[in-house]
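The values are calculated or read from the model by the stated rules, or taken from the named source; none is laboratory data. Bear in mind the structure is a predicted one, so any value in this text is a computation, not a measurement. Here the Cβ positions follow ideal geometry from the backbone for every residue, glycine too, while neighbour counts run over all protein chains shown.
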Amino acid sequence: MAILDQASLRVLIAGTTHVLDRNGKEAYVYFETGNRAHMLLDDGETRKGSWALAEGGYVVDWDNGAVGRWTLDHEAGSITYVNQDRDVRVRLAGILFGNAKGLPRAAR
């Protein structure tokens, strides 16, 4: 397990869309170059909030009150999101530059 450091996270997060594999279904998180984040879950739910780099990873405070504290774990050929508060791991399926999914979107 190799936790990505702050310098790596700055490159991999700001201004990108992360494609997450949630049990075989894709979800998307777009991190603006400022502090805003937008998420589209596999069930159509949308979220918006603010994100910031933090010790050991990054934190997103979603406008619905949920907070995500994540570390990115790198192994050869893969990166996995590891939740710092719960035993949850999510595979990072890809990183797209810019707002590749046109987020935010209205909820379906």
For the subset of region 29-63 comprising residues that are in contact with a strand residue (DSSP E or B) (Cβ under 6 Å, 6 or more places away or on another chain) and outside any strand (DSSP E or B), which member is surrounded by the fewest Cβ atoms within 10 Å (Cβ to Cβ)? D63
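Here's the yes/no breakdown for (1) of a type outside the set (K, R); (2) in contact with an Asp or Glu (Cβ under 9 Å, 6 or more places away or on another chain):
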position: L4; (1), (2): yes, yes
position: L9; (1), (2): yes, no
position: K48; (1), (2): no, yes
position: A54; (1), (2): yes, no
position: D63; (1), (2): yes, no
position: D73; (1), (2): yes, no
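Is it true that some residue in region 73-96 is more than 18 Å from A2 (Cβ to Cβ), among the acidic types (D, E), in a strand (DSSP E or B) and in contact (Cβ under 8 Å) with a residue 40 or more places away in the chain?
Residues of region 73-96 that are more than 18 Å from A2 (Cβ to Cβ), as a first pass: 85-88, 93-94, 96.
Then keep just the ones that are among the acidic types (D, E); that gives 85, 87.
Still in the running and in a strand (DSSP E or B): none.
No: region 73-96 contains no residue that is more than 18 Å from A2 (Cβ to Cβ), among the acidic types (D, E), in a strand (DSSP E or B) and in contact (Cβ under 8 Å) with a residue 40 or more places away in the chain.
Please verify whether E26 is acidic (D, E), under 16 Å from L103 (Cα atoms) and either in contact with a Cys (Cβ under 6 Å, 6 or more places away or on another chain) or modelled with pLDDT of 95 or more (or both), treating the condition exactly as stated. Even if it seems obvious, please write down each step before you answer.
Details: acidic (D, E): yes; under 16 Å from L103 (Cα atoms): yes; either in contact with a Cys (Cβ under 6 Å, 6 or more places away or on another chain) or modelled with pLDDT of 95 or more (or both): yes.
It is true that E26 is acidic (D, E), under 16 Å from L103 (Cα atoms) and either in contact with a Cys (Cβ under 6 Å, 6 or more places away or on another chain) or modelled with pLDDT of 95 or more (or both).
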